[in-house]
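Notes for the one structure printed next.
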Amino acid sequence: MSNELKVAIEAAKIGAKVALEYFNKTLDIMLKPDNSPVTQADKEAEKTIKEVICSSYPSSDFLAEETVKTSLGNDFWVIDPIDGTKNFIRGLPFWGVEIAYVKNGEILLGVIYSPCFNELLYAEKGQGAYFNGKRTSVSKTAKLSEAFLVHGTINYFEQRIPQFLKLLKGIYRDRGFGDLYGYGLVAQGKADIMMDARNGPWDIAPIKVIIEEAGGRVTNFEGKDWQLTDSTAVATNGLLHDEVIRILNE
């Protein structure tokens with residue numbers, strides 16, 4: 001385990017501890033320009049995560065949800081202090097901290113920590129994916145009719161509603177856990193497909209390396225390798241990916 005990964009894990013856990021201090025409490029909710037909510041918990045957790053990383057890497061640059069920067073160097077950290085803010089606000093446990101490290105355009109590591117479940121997923125490029133310290137891998141489900149699909153907010157699929165419904169009719173089961181939790185289920189082999197039609201780079205960057213190191217695949221809705229500029233994302237166990245992409249683009 002590299003020192004960067006150790007620092008990312010530490011930062012995720014400390015940031016989550018800060019967020020937990022606000023969980024299930026009355027919050028002042030503000031709206032960002034895109035009408036998504038932000039709370040003091042998001043801001044304080046992000047600030048703390050940056051401080052932990054900078055204590056080891058003082059010159060670090062950040063692409064973070066609550067303090068977006070448009071100019072970044074060759075290496076930077078990607079941070080989502082609370083992925084699932086709307087769940088957090090309602091007292092639902094499906095939220096967590098996401099951190100990735102990017103160098104020369106490549107995502108080298110990813111960390112997801114869900115404090116309500118005390119679940120830690122992490123991966124480093126070429127080193128495999130781990131869930132609470134044990135190696136994890138995607139499922140072996142090869143038939144769409146046997147697949148468990150998890151999805152994000154349905155109304156964001158408005159450009160592909162017929163295709164989305166066709167996909168749902170052809171699978172075994174679907175649920176809308178959304179956000180980082182759904183992607184984590186794919187990395188653990190508990191779900192086979194996770195998709196979301198609206199994302200920021202901080203939502204998927206940590207997920208991408210984790211699922212790929214677990215043996216899966218992550219692309220945009222067109223089937224192209226997911227990039228930081230993409231807003232759509234599909235993560236699968238790899239075996240089902242081409243068929244899912246085909247249906248999404250019919």
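Yes or no: region 39-55 includes at least one residue that is without any contact (Cβ under 8 Å) to a residue 24 or more places away in the chain and either surrounded by 19 or more Cβ atoms within 10 Å (Cβ to Cβ) or part of a loop (DSSP other than H, G, I, E, B) (or both). No: region 39-55 contains no residue that is without any contact (Cβ under 8 Å) to a residue 24 or more places away in the chain and either surrounded by 19 or more Cβ atoms within 10 Å (Cβ to Cβ) or part of a loop (DSSP other than H, G, I, E, B) (or both). Annotation note: of Asp42, Asp28, the sole residue that is out of contact with any Pro (no Cβ under 8 Å at 6 or more places or on another chain) and farther than 15 Å from Ala100 by Cβ is Asp28.
If you go through region 78-103 and keep only what is within 23 Å of Ala214 (Cβ to Cβ) and free of Cβ contacts under 8 Å to residues at least 40 places away in the same chain, you end up with Pro93, Lys103. Comparison of Lys208, Lys166 shows that the only residue that is basic (Lys, Arg), buried (at least 17 other Cβ atoms within 10 Å of the Cβ) and part of a helix (DSSP H, G or I) is Lys208. Only one entry of Ser139, Ser145 meets the criterion of being under 24 Å from Ala205 (Cα atoms) and either touching a residue at least 12 places away in the same chain (Cβ under 8 Å) or among the β-branched types (Val, Ile, Thr) (or both), and that entry is Ser139. Residue-level check: of (1) in contact with a Pro (Cβ under 8 Å, 6 or more places away or on another chain); (2) outside any strand (DSSP E or B); (3) not β-branched (Val, Ile, Thr), Glu98 misses just (2). When residues of region 1-22 are filtered for being assigned to a loop (DSSP other than H, G, I, E, B) and either more than 27 Å from Lys134 (Cβ to Cβ) or within 20 Å of the chain's Cα centre (by Cα) (or both), how many remain? Final tally of qualifying residues: 2.
For the residues Thr67, Thr85, the requirement of being assigned by TED's automatic domain parsing to the domain that holds Gly15 and exposed (fewer than 15 other Cβ atoms within 10 Å of the Cβ) singles out Thr67.
What is the number of the single condition among (1) touching an Asp or Glu at 6+ places or on another chain (Cβ under 8 Å); (2) under 22 Å from Gln227 (Cβ atoms); (3) part of a strand (DSSP E or B) that Ile82 does not meet? The single condition Ile82 does not satisfy is (2).
The values are calculated or read from the model by the stated rules, or taken from the named source; none is laboratory data. Worth saying up front: this structure is predicted, and the values here are computed from it rather than measured. Cβ: placed from backbone, ideal geometry, glycine included. Neighbour counts: every protein chain shown.
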